[in-house]
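The structure appears below as structure tokens.
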Amino acid sequence: MKPNTEAELADIIASAKAPLEIIGGGTRRIGRTSGDPLYTGGLSGITLYEPEALTLVAKAGTPLAEIEALIAKNGQRLPFEPYDLRAVQGSDGTPTIGGVVATNASGPRRISAGACRDSLIGVRFIDGLGRIIKNGGRVMKNVTGYDLVKLMAGSHGTLGVLSEVSFKLLPAAIASATVLVQEDESTAAATMAKAMASPFDVTGAGHAHGTTALRLEGLEGSVKYRSEALAGLLGGEVGEFDWPAHRDAEAFARREGDVWRISVQPSEGPAIAKALRETGASEIIFDWAGGLLWVLAPQGADIRSAIRQGHATLIRGEGQAFHPEPAPIAALSAALRQKFDPEQILNPRRMG
């Protein structure tokens, strides 16, 4: 099933007698579910773009690349730098903006610009009863239903099927530079913390393969001054770093093993990394100044047992994809699903 309008989408869901698997571009299929496939790619197109107001509205099936190409022509960008899972998952679909929102896909710039949900200012979606719901708006100051807009980001299609999303944008950086510090992961967290506490406005902080990378963006003269000053502060040097490859954990592509994405307290990163290696993890990539770990581990390794605090999501592999929720949060999640999808039509058991 591939509806071309919001009304068609609502009719399909309202008349569904069996579960539906919601599929956008098929590039962010985290967790296992079952049901008849429902493709949202027919709901495509940018419905409103106001460069002067830094706002954009697009149908959920719109390819992400189409949106990024259009706003780049006006020197703008999505603030949260969405990551791409095609390399690590081995998929070849087309990422859609609805999939970005449904998974709250947020890259290295999250440490300075916030997550996807922080840039999302409005949604339209169809719940499990076939009701069309609109929440928020396309104006940045409009906070009507603010919590519901946030709730849809990261719900993985379990509360409703997105039909349209609205974003606030930011101007793109004119220049960028990266400070590199050669060190192992035991000291990387401290280096990244020092950089984040500096006055130099770091917009990316990660560590991989013995190198800590710290990105600075802005006007050319400012970037040059700040990067040189930060390099002096940390004992590093300004150099080249592949941020898209780092963002997408491309080092794990076409390699055997499970891939995990783990959010932790940045200060806990080194200790957790050590514990993960004791479970068999072969490689770890740090992002978000140490608050995010991409982990390559043997198939079936008990990764969650090594985490005292935080959340581990299985991006590639067999098993429970999402971290078990504490009882109070699990009860709240169940209540929300009962309200929006009482018959469990939409992506059943994906997050449970």
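Only the coordinates and a few stated rules stand behind these numbers; no lab work does. Just so it is clear, the model here is predicted, and its values are computed rather than measured. Here the Cβ is made from the backbone with ideal geometry for all residues, glycine too, and neighbour counts use every protein chain on show.
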Quick one: angle between helix 327-340 and the longest Cα principal axis of the chain, in degrees between 0 and 90, rounded to 10, please. 40
What angle, in degrees between 0 and 90 and rounded to the nearest 10, separates the Cα long axis of helix 220-234 from the longest principal axis of the Cα atoms of the chain? 60
Taking Lys and Arg as +1 and Asp and Glu as -1, residues besides residue 130 with C-beta under 13 Å from its C-beta add up to -4
Amide H of residue 122 versus every other amide H placed in the peptide plane: which residues, excluding those fewer than 5 positions away on the same chain, fall under 5 Å? 137, 166
Treat the count of other C-beta atoms within 10 Å as a stand-in for reagent exposure and order 192, 152, 1 from fewest to most. 1, 152, 192
So the angle from the long Cα axis of helix 185-197 to the longest Cα principal axis of the chain, reported in degrees to the nearest 10, equals 80
Residue by residue through the range 287-297, what is 3J(HN,Hα) from phi via Karplus (6.51 cos²θ - 1.76 cosθ + 1.60, θ = phi - 60°)? Round to whole Hz and write x for glycine and proline. 9, 6, 6, x, x, 9, 10, 8, 10, 9, 9
FRET efficiency estimate (nearest 0.05) - Cβ-Cβ, residue 343 to residue 4, R0 25 angstrom: 0.50
Taking placed amide H atoms and a strict 5 Å upper bound, the residues 5 or more places from residue 346 or on another chain that come that close are 20
CD proxy, 222 nm, the chain: helix-only mean residue ellipticity via -39,500 (n - 2.57) per DSSP H run with n ≥ 4, per residue, nearest 500, stands at -8000 deg cm²/dmol
Cβ charges +1 (Lys, Arg) and -1 (Asp, Glu), total dipole of the chain, debye: 780
Let's see if you can work this out: charge +1 on each Lys and Arg Cβ, -1 on each Asp and Glu Cβ, no other charges. What is the dipole magnitude of the range 37-171 about its Cα centre, in debye to the nearest 20? 260
Amide proton proximity set for residue 203, modelled H, under 5 Å, gap of 5+: 215, 216, 217
Positive-pole candidate from 119, 189, 218, dipole of the range 116-232, charges at beta carbon: 119
